[in-house]
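Scroll down for the structure; my scribbles are underneath it.
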Amino acid sequence: LNEGIMIKIWIPPIEQFDIETNKGELNHILKDGVRLNSRTKLVDSFEECDFVFADFRHLTGNPKGYQGNISDWSGDKLIVVDYSDRAELYDVDCLHYFKRSSVWKGEDKFRSYPREVRPISYCIKNDWLDFDVDTERDIDISVFFRRESERNKVGMVRREMVAEFVENNFSHKNIHVGIVNSDGEAGRMNAGDEYIDKMLRSKIVVNCNPDLWEGDYRLFETFSCGAMVIVDKMITPAVNPFQHRKHLVYYETLEQLGSQIEYYLESDLDRESIAKNGYKYSHKYHKTSDRIDEILEVIGR
């Protein structure tokens, strides 16, 4: 890639995502990231572009997805950025394949693929960048997961265990446990006012990855709202990784989680320092435009 020359990116149109711009990683990471990256611009056709960026909705054959044939753009111009939960790769000829869900979480190891796969993580969505985080934090701990008794989807047992652990062991504190506003794609893309309010009022937000993979928006939403993050240990390699006890706090067992919560609720200066560091670091290195930089770095090698 030539320095100083704008790199032209085409993202094949998907009608529902053009009409409903508040949907999906296609809009909230790829398009927003390209628009805000100083080295890239969106163009309107394959003929104009240097590279095609496709997300998993271009690859599924879903009738609400891409209406063309992505294989028309395969080969040395196609970059797949697969933010789906699914562990398997989509069968497509492409220059590079970036994937979020490349970890077998239950066994803490990477999945084996027949081609090179490059890990990529979520980031702070652009409309989450400008919150006033100097707020009165009257909620000691928030956990935005369902309890076991409220289960309505598979693959979230570890999250339910964390929610019930916090509820059972910290009921003497001011806590929030449970889903606020919506979950699923609706919640990820249309964060409600109550959810944001609770995030901004929380001292600590406890997170937990799903049972079978790593990566969710909530981690970055917590950073963007200035709360201290406590999250289960992750193994997916990241560019500019978060450091334990500097930007966030990791736990591996529920016993460790309990000890970390107790310590950081009592240690205001340590907790506030980690929260502030995480906020600044995530805004410096983990925006949508930063994810585009990561992709460009690989393309340019």
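The values are calculated or read from the model by the stated rules, or taken from the named source; none is laboratory data. Quick caveat: nothing in here was measured; it's all calculated off a predicted structure. A quick note on method: Cβ atoms are made from the backbone with ideal geometry, for glycine too, and the neighbour counts reach across all protein chains shown. Just the protein is used for accessible areas: all its heavy atoms, side chains included, with ligands, DNA and RNA removed. Shrake-Rupley method; radii C 1.70, N 1.55, O 1.52, S 1.80 Å.
With the Cα gyration tensor of segment 93-135 giving a ≥ b ≥ c as the square roots of its eigenvalues, does the rule (a/c under 1.5 for rounded; else a/b larger than b/c for prolate; else oblate) give rounded, prolate or oblate? Oblate. Of the candidates VAL43, VAL206, VAL80, which one comes out as most mobile in a Gaussian network treatment of the chain with C-alpha springs shorter than 10 Å? In this elastic network of the chain, the residue with the biggest mean-square fluctuation among VAL43, VAL206, VAL80 is VAL43.
The heavy atoms of TRP213 present about 40 square angstrom of accessible area, all protein chains included, probe 1.4 Å.
Structure remark: mean-square fluctuation, Gaussian network model of the chain, C-alpha springs under 10 Å; the largest value among PHE144, PHE53, PHE17 belongs to PHE17.
Only one of the values [x] 33; [y] 55; [z] 48 was calculated from this structure for percent of Cα pairs over 30 Å apart; name its label. It is the one labelled [x]. Once Lys and Arg get +1 and Asp and Glu get -1 on their Cβ, which of GLN243, LEU296, SER259 lies farthest toward the positive end of the dipole of segment 151-301? Toward the positive end, the furthest listed residue is LEU296.
The accessible area of SER289, taken with all protein chains in place and a 1.4 Å probe, comes to roughly 20 Å².
Note down the net charge around SER149, summing +1 for each Lys or Arg and -1 for each Asp or Glu among other residues with Cβ under 13 Å from its Cβ. Once all neighbours under 13 Å are counted, the net charge is -2.
With all protein chains in place and ligands, DNA and RNA left out, the 1.4 Å accessible area ranks MET6, MET228 as MET6, MET228, largest first.
Taking N as the residue count of segment 1-83, its C-alpha radius of gyration divided by 2.2 N^0.38 Å amounts to 1.05. Hey, any idea what % of segment 52-138's accessible area is carbon plus sulfur with a 1.4 Å probe? About 45 percent, which is the carbon plus sulfur part of the accessible surface.
Pairs of Cα atoms nearer than 8 Å and 6+ residues apart set the relative contact order; for the chain it is 18 percent. The Cα center of segment 279-300 and the Cα center of segment 120-166 differ in position by 23 Å. Summing charges over all other residues whose Cβ lies under 14 Å from the Cβ of LYS203, with Lys and Arg as +1 and Asp and Glu as -1, gives -3.
Look at the alpha carbon pairs under 8 Å that are at least 6 residues apart: their mean separation over the length of segment 75-194 gives a relative contact order of 17 percent.
The spacing between segment 204-235 and segment 23-53, judged by their C-alpha centroids, is 27 Å.
Accessible surface for ASP72 stands near 90 Å², nearest 10, in the context of the full protein assembly shown (1.4 Å probe). Considering only ARG147, ARG201, ARG115, the Gaussian network model of the chain with Cα springs below 10 Å gives its largest mean-square fluctuation to ARG115.
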